[in-house]
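Quick note: the coordinates plus some simple rules give every number you see, no bench work behind them. Since the model is a prediction, treat every value here as computed from it, not as a measurement. Quick reminder, even Gly has a Cβ in these numbers, built from the backbone with ideal geometry, and neighbours come from all protein chains shown.
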Amino acid sequence: MADGTYGPGAKLPSERNLAEQLGTARTTLRLVLTKLIAEGLIDNQHGSGNYVTEAARPVRDNPAGVEPWRIHGTETIYDNPWVRLELVDVEPPGVERFKHHVVRLRRVAIAAVIDDDDRVLMMWRYRFVPQQSGWELPGGIVEDGEDAVVTAAREVEEETGWRPKSLEHVVSYQPMIGMVDSPHEIYVGRGATRVGEPEEGEEAAVIEWVPLAEIPSLLKRGKLAGSGTLVALLHVLSGGAAT
């Protein structure tokens, strides 16, 4: 259904034929079909078979009719090792060209490390820009020529004193895609070894293993800081935690 082989309204093959196609046991297949029916993705019509519902229609990766903007030139207004401000001459389809400000930041890597008790390693930090404190995941800037997973592991150790056993890349995203170019790489891992004290004391006032069960409440109360923290933890809570 995900790849469009069986679209909305299509009748699925019989259990026997479908099990053979997928190379799985019919018992396992029945469990999957039961779950899909419960989720409303399949409609079981008694005496007729299983039909794919409209809810199972896959989301298109590249819908037609959306054209890229033309870029006629770029002027750098300010530049330093951490941030660059540009004025870009752009022309959207069917719209008169104009100058658009773009802020370019360096790529960062952020890690959610989970222990065997389903707790996530976090830091309580004060951020002067929004003038507020909150729980954050460790992370930092990816150095030139450095693999982002190396950055994520290094930042966890430097900021918390814990060395992750392994990290898995789960998503890349842009937090403010309309005006700011700020690539974020999110990693999730299971297990860590205590190797010492944090190298930079000002990085965090408090370092704790926070129960995942408390994350929804912290989110609701506005106590989670930064989009990287939110994206990583929502991924974990959705069932995407590394094993």
- [ ] With unit charges on the beta carbon (Lys/Arg positive, Asp/Glu negative), name the residue among Ile110, Pro130, Val120 whose Cα is farthest towards the positive pole of the charge dipole of region 108-149.
- [x] Pro130
TODO: Would you mind getting me the FRET efficiency between Arg221 and Met179? Use the beta-carbon distance for r and R0 = 30 Å, nearest 0.05.
DONE: 0.55
Task: About the Cα centre, charge dipole magnitude for region 29-149 (Lys/Arg +1, Asp/Glu -1 at Cβ), debye - done: 300
Task: Label-point gap, in nm, between Tyr51 and Arg127 - each point 7 angstrom along Cα→Cβ - done: 4.9
- [ ] With θ set to phi - 60°, apply the Karplus curve 6.51 cos²θ - 1.76 cosθ + 1.60 along region 49-54 and write out the HN-Hα couplings as whole Hz, x wherever there is a Gly or Pro.
- [x] x, 9, 10, 6, 8, 5
Open item on the list: Counting other beta carbons within 10 Å of each residue's own, what order do Asp79, Asp61, Asp181 fall into, fewest first?
Closed with: Asp61, Asp79, Asp181
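Using r as the Cβ-Cβ distance of Glu146 and Ile37, and R0 as 51 Å, what FRET efficiency do you calculate, to the nearest 0.05?
0.60
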- [ ] Kindly write out, for region 123-132 in residue order, the coupling ³J(HN,Hα) from the Karplus curve 6.51 cos²θ - 1.76 cosθ + 1.60 (θ = phi - 60°), rounded to whole Hz, with x marking Gly and Pro.
- [x] 10, 8, 10, 9, 10, 6, 4, x, 6, 7
Open item on the list: Need the full-extension length gain, Gln21 to Glu208, defined as separation in residues times 0.36 nm minus the C-alpha distance. One decimal, nm.
Closed with: 62.5 nm
Task: Estimated inter-spin distance, Val83 and Glu96, nm [label 7 Å along Cα→Cβ] - done: 3.1
Open item on the list: Taking a cut-off of 22 Å, what percent of all Cα-Cα pairs in region 106-240 are separated by more than that?
Closed with: 32
Task: Ratio of Rg to Rh over the chain (Cα coordinates, Kirkwood Rh, two decimals) - done: 1.08
TODO: Putting +1 on Lys and Arg Cβ atoms and -1 on Asp and Glu Cβ atoms, find which of Ile177, Gly161, Gly189 reaches farthest to the positive end of the dipole of region 143-209.
DONE: Gly189
